[in-house]
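Report on the following structure.
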Amino acid sequence: MQSLDNKKKLNRIKLCRKVQWLINLAGTVEMIDVIIDYFCKTTQSIILNINKSSNALSYKSAMVYTSSNNISGHWVYYDSSGKLYNAYDLDHQKPGSNQFCQTYSLLYMLGDNNDVFRKGFTDKLLPGSDNYINNIKVVVKFWHFMFKYSEPLFEWMLAEVKSINNNVLANNGKSYISRDTSKIDKKRIIRLLISINNHADEIAQNC
C-alpha cells in the first residue's frame, strides 16, 4: 500500500466523509452475500435484527446487524458454536466510534472459514487503543485485496460503489465519491483506499 508524505490534516467531517462509502459498501446485505458465496466454506446467515441487543441473543454461523434507534446500528459475527465476535468487545474498534464494524465482522467470519483470510487479515487485528490505527490499515489492506481479487468480482463491486455514489447524490448528501459517477474506476477506488490508509491515525481518533 502506497503512502503519501506531508498529508493534509482533515477535520472530523471530512474524515468521516472519506470513509463513509466504504462503510456503506461493507454493510450491505448484497456485499456480505457475495463474500459468503466466494469465500466461506460453510453456509452463513445474515440476520437483520433491528431494535434488539445482539448480546442478548444466541445465533450460530451468522452475521447479525442490530440497531437501537432504526438509524445507526452495529454488525457482529457468531461462529458455528455461537461464540460472539464484536469489534467493541474485542477492542479492535474505538468504543462508540463510527468506523468499520462492518468490515471487522466480515473478517471474523472470513477468518473462521478461510485460512488465507485468517492469516492475512483477521489475525492481524490487534486489541487496544494503541492498535486502532493498525486495525484501520488492516481494513484498507483487505479491501485493496478484494478490489483486485478477480475481474468479475471487481466489476460487481464497482457497480455497488457506483450505486452507493448515485444514492448519495440523489439525496443531496456530501459523502459522495464523485459528482460524476461514470468517472469512478479501479484507479480512483485504489486512490481512495490509499487516502484512508494515509489518514488512519486521524480516523482512529476522530471518527
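Among Leu158, Leu193, Leu106, the order by Cβ neighbours within 10 angstrom, fewest to most, reads Leu158, Leu193, Leu106.
Of (1) 57, 45, 28; (2) 60, 57, 47; (3) 45, 37, 36, which is the value of Cα extents along the principal axes in Å derived from the coordinates here? The listed entry that was calculated here is (3). With neighbour counts taken as other beta-carbon atoms within 10 Å, the residues Trp143, Trp156 rank, fewest first, as Trp156, Trp143.
Please get the size of the charge dipole for the chain, origin at its Cα centre, with Cβ charges of +1 on Lys and Arg and -1 on Asp and Glu, quoted in debye to the nearest 20.
I would put it at about 800 debye.
The relative contact order of the chain comes to 23 percent, based on Cα pairs under 8 Å that sit 6 or more residues apart.
Note on Asn171 and Lys148: their simple-model spin labels are 3.2 nm apart, each label 7 Å out from Cα toward Cβ.
Note on Leu90, Leu22: ascending count of other Cβ atoms within 10 Å places them as Leu90, Leu22, the fewest first. One chain, two ends: Ser81 and Ser67. Fully extended at 0.36 nm per residue, the span grows by 2.7 nm beyond their Cα-Cα distance. Cross-link pairs exceeding 24 Å between alpha carbons, from the set Lys94/Lys186; Lys52/Lys162; Lys9/Lys141; Lys14/Lys162; Lys18/Lys119; Lys41/Lys162: Lys94/Lys186; Lys52/Lys162; Lys18/Lys119; Lys41/Lys162.
Quick note: the coordinates plus some simple rules give every number you see, no bench work behind them. Source: prediction; values computed, not measured. Cβ atoms come from the backbone with ideal geometry, glycine included; neighbour counts cover every protein chain shown.
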